1. Name the trypsin sites (Lys or Arg not before Pro) in region 243-293 that are in a loop by DSSP and that have at most 14 other C-beta atoms within 10 Å, would you?
2. Mark the label point 7 Å from the Cα of E131 along Cα→Cβ and return the residues of region 211-236 whose backbone N is within less than 17 Å of it.
3. Build a GNM of the chain with springs between Cα atoms under 10 Å: which of D121, D230, D209 gets the top mean-square fluctuation?
4. Which of the GluC sites (Glu not before Pro) found in region 96-157 are loop residues per DSSP with 15 or fewer other Cβ atoms within 10 Å of their Cβ?
5. Using 0.36 nm per residue of separation minus the Cα-Cα distance, give me the extension gain between T256 and D25 in nm, one decimal.
6. Helix-only estimate, please: 222 nm mean residue ellipticity of the chain, summing -39500 (n - 2.57) across DSSP H runs of length 4 or more and dividing by its residues, to the nearest 500.
7. Taking θ as phi - 60°, what are the ³J(HN,Hα) couplings along region 189-195 by the Karplus curve (6.51, -1.76, 1.60), each to the nearest whole Hz, with x for Gly and Pro?
8. For the Cα atoms of the chain, what angle does the longest principal axis make with the long axis of helix 64-75, in degrees from 0 to 90, nearest 10?
Amino acid sequence: MFYFVKFQYITMSTTFSYPDPRLQDELRKTAEAIVAPGKGILAVDETNEGIGKLLAAVGLQNTENNRRRYRQLLFTADDALSENVSAVILFDETVYQKTDNGQSFIEVLRQKNIIPGIKLDRDVVPLFLSEDEVTTQGLDDLAKRCTEYRKQGCRFAKWRCPLKISERTPSVQAVQDMAQVLARYASICQSEGLVPIVEPDVLLDGNHDIVRAQKVTEVALAALYKALSDHHVFLEGTLLKPNMVTPGQGYSGKSTPEEIAVRTVTALLRGVPAAVPGITFLSGGQSEEEATLNLNAINSVPLKKPWALTFSYGRALQASVWKTWAGKDENVRKAQAELLKRTKANGLAAQGRYKAGSVRSVAGDRSNYSANHQY
């Protein structure tokens, strides 16, 4: 007996419009300026709770003024800061803060030719019925917030979606959620004139080896760029902020910068379209020197690299700053000097020109890892 099955083909409409050419041009120029040769991003987007932990470590209360004092230290560093820092990611509070003499932080940055940006996600909450995984919130009023931040002077944004590797994770549910949330965020950003940085962060947590880390990174990137395509996101006006491919923090073996570089660039080649102007790596809890050495190796590896490969570091640019400043005004200049050291080191690494140990900083070899890290 033969059975005949009738198949019904469902077609997806491909009718849509690209952004207005003037908007495309603006987004592309901003994205390309952020990843200019030898330059990268200083991430100063800790939440008030996150920076409060750092303030407590130097004996200061978590007050608005103490948070302002620290950020002022960073933004008023010597003009040499702009030699290697093209952009700064701010937290909401920071957008509206001012220096001691009443100048807005955004104006301070613009005078240094540094592009202001904004963290837009509202951190993570449990992903219902998942394998103890999370989703990132903040989409509901996103267009309105984008409009306000652009009015204040921001030109790009960042949104982080973390994924954790374990025996059973990341689940398909978590990977798809990450991709859809980042795609929706990116689309809204572009509609309001902001360049979206998409951050699928495969965490350092776990005891997995580097092979597993590479595969999970590839799966995450494939899902992300499929979703960005489905949402008609203009790739030339975006940037990617991924993890480097490294073993889990609990893994017994250690990978060399050269192995990390090969596996990282291979994963990127398998998942990131060449239309993307640049990739700005997160440091993910690596020490300052580790993050610099790995970035340098990534830029030196003999593989195709159709994108700019640079840094978007928070802890890996500021660990020595915090240790040197220690909450004391008399240490501001010394702390600023530490910041300039690390930005210079990573500017060289973004060009494959950094020599191991050539830049000494007071906390250069100290691990910045924290489990289940939240900003």
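Any read-out appearing in this document is the output of simple, stated calculations on the displayed coordinates, not a laboratory observation. Nothing here was measured: the structure is a model prediction, and the numbers come from that model. Neighbour counts run over all protein chains shown; Cβ positions are idealised from the backbone, glycine included.
1. Details: sites: K254, R263, R270; in loops: K254.
Those satisfying the criteria are K254.
2. Zone members listed by number: 211-221, 223.
3. D230
4. Values: sites: E107, E131, E133, E148; in loops: E131, E133.
Hits after loop and neighbour filter: E131.
5. Numbers: separation 231, 0.36 × 231 = 83.16 nm, distance 3.98 nm.
Net length gain for the segment: 79.2 nm.
6. Values: 13 runs with 160 residues, N = 375.
Calculated at 222 nm, the ellipticity per residue is -13500 deg cm²/dmol.
7. 4, 5, 5, 9, x, 10, 6
8. Taking Cα atoms only, the helix is inclined about 90 degrees.
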